[in-house]
Amino acid sequence: MAPMAQHTPRTLVLVPTYNEKDNLPILIADLMTIAGVSVMVLDDQSPDGTGAVADGLARQHPGRIEVVHRTGQRGLGVSYRDGFRRAIAGDAEFVCQMDSDLSHDPKYLPDLLAMASATADLVIGSRYLNGISVVNWPLRRIILSSFANSYVRTITGLGLRDTTSGFRCWRREALAKLPIDRIASDGYSFLVEVTFMAALAGLRVAESPIIFVERRVGASKMSGSVMIESMFTPLKLVLRHGRIRWPHAAGSK
Ligand SMILES: Nc1nc2c(ncn2[C@@H]2O[C@H](COP(=O)(O)OP(=O)(O)OP(=O)(O)O)[C@@H](O)[C@H]2O)c(=O)[nH]1
Ligand SMILES: [Mg+2]
C-alpha cells in the first residue's frame, strides 16, 4: 500500500511574556524543532528587554516568529485576547497557548495537538490527571492550586481536573466561536472563564497529562488581586449563564 502523504498541520503558539529574557530563547529553541510550529510572542513592554530578545529570535527564524510589542493596558488576559483575535484572523489550523517561563515543556505539544485533531476542540495540558504532576512547588502552592480546581469544578459543573493550566491547544475554528470581547478577567480567572465559555458554546474540552515544572529564573507576576478575582469568577459565571451540565452536549450549538 502506498504510504499516506504526511500532513503537517500549521500550528501557532501564543507566548505571553513579561520579563522573561533568559527563558524565552530556550523555549523558542525547543519549539522551533517541531515541524509546522510558528510562534507569536505577546510582550508587554518588558522592562528587562524581552521584546528586543524576541526580535532577535524572529530574525534567527525568519517567517516563524512574530513579535507583538503591546502598548496600552498590560496583563495576561488582555495579551491573550489580543493574541486570540490575531490568531483567529490567521490561517493556522491549531492555536496553542504556553507560558514562557519553561514551566510548559514543548515535548507535550504533539500530544495536545493529536487530541485536538482527533477528538477535541480545546485540549488542556493538565497537571492533575495522574495524581499531582508538579515539580518544585511548595506544599502550600499545591494545596492552593488543588483547592482552586476543586472549587471551580464544584461551582461551575465543569468536569475537568485542571481549569487553571495555561498550556492549551485549540482548533482555530473552535476558538473563533468564543465571544472573546466579552471575556473580561485576568490571570487564572481568564483561563477559567475561557474554559467555561468554551463548554457553554458546546465545544469539546479534553485534557492531556503534562508535568509542570516551576520556573527557575525570573519572578512570578501573580498577585493577591488575581487570587481574589479567582474566587469570584466562577460564581459570576454561574449566576450569569447557569451551571455547565457535564458532559455537555458537545458540538450541539
Ligand atoms: N504579556 C504579558 N505576559 C504576562 C504578564 N504577566 C505574566 N505574563 C506571562 O504569563 C506567563 C505566566 O505568568 P507567571 O508569572 O509565570 O505566572 P505563574 O506561572 O502563575 O507564576 P510562577 O509559578 O511564579 O511562574 C509567563 O509567561 C509570564 O511571562 C503580563 O502582564 N503581560
Ligand atoms: Mg509561571
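Couple of notes before you dig in:
- Qualifying positions in segment 34-61 - open to solvent by 20 Å² or more (accessible area, probe 1.4 Å), under 16 Å from R10 (Cβ atoms) and not small (G, A, S): I34, H61
- Residue within segment 74-83 that is touching a residue at least 24 places away in the same chain (Cβ under 8 Å) and either away from ligand 1 (no atom under 13 Å from the Cβ) or farther than 23 Å from L191 by Cβ (or both) present: no
- Evaluation of E173 against (1) modelled with pLDDT under 95; (2) open to solvent by 50 Å² or more (accessible area, probe 1.4 Å) (one fails), failing number: (1)
- Applying the condition of being within 15 Å of ligand 2 (Cβ to nearest atom) and open to solvent by less than 40 Å² (accessible area, probe 1.4 Å) to segment 198-212 and asking which residue is nearest to P16 (Cα to Cα) yields F212.
- Pairs are defined by a Cβ separation below 9 Å, a sequence spacing of at least 6 or placement on different chains, a first member in segment 163-181 that is in contact (Cβ under 8 Å) with a residue 24 or more places away in the chain and under 12 Å from V194 (Cβ atoms), and a second member that is within 16 Å of ligand 2 (Cβ to nearest atom) and open to solvent by 40 Å² or more (accessible area, probe 1.4 Å); the pairs so defined are T163/Y188; T164/Y188; G166/L76; G166/D99; G166/Y188.
- Of A118, A114, all but one fail to be more than 11 Å from ligand 1 (Cβ to nearest atom), free of Cβ contacts under 8 Å to residues at least 24 places away in the same chain, farther than 19 Å from A29 by Cα and open to solvent by 60 Å² or more (accessible area, probe 1.4 Å); the exception is A118.
- Annotation: T8 fulfils all but one of (1) out of contact with any Leu (no Cβ under 7 Å at 6 or more places or on another chain); (2) surrounded by 15 or more Cβ atoms within 10 Å (Cβ to Cβ); (3) under 19 Å from V123 (Cα atoms); the unmet one is (2).
- Just one residue in the set V213, V192, V238, V205 is in contact with a Ser or Thr (Cβ under 8 Å, 6 or more places away or on another chain) and under 24 Å from R74 (Cα atoms); that residue is V192.
- A single entry from R216, R240 fulfils the requirement of being more than 25 Å from Y108 (Cβ to Cβ) and loosely packed, with under 13 Cβ neighbours inside 10 Å: R240.
- Checking each residue in segment 179-190 for being of a type in the set (A, V, I, L, M, F, W, C) and open to solvent by 10 Å² or more (accessible area, probe 1.4 Å) picks out I180, A184.
- Residues of segment 219-233 that are among the hydrophobic types (A, V, I, L, M, F, W, C), within 10 Å of ligand 1 (Cβ to nearest atom) and surrounded by 14 or more Cβ atoms within 10 Å (Cβ to Cβ): V226 alone.
- Of the residues making up segment 81-105, those that are open to solvent by less than 10 Å² (accessible area, probe 1.4 Å), within 16 Å of ligand 2 (Cβ to nearest atom) and not hydrophobic (A, V, I, L, M, F, W, C) number 4.
The values are calculated or read from the model by the stated rules, or taken from the named source; none is laboratory data. Note that the coordinates shown come from a computational prediction; the quantities given were computed from them, not determined experimentally. Heads up, the Cβs are rebuilt from the backbone with ideal geometry, glycines too, and the neighbour counts pull from every protein chain shown. Calculation scope for accessible area: heavy atoms of the full protein, side chains included, ligands and nucleic acids excluded. Shrake-Rupley method; radii C 1.70, N 1.55, O 1.52, S 1.80 Å.
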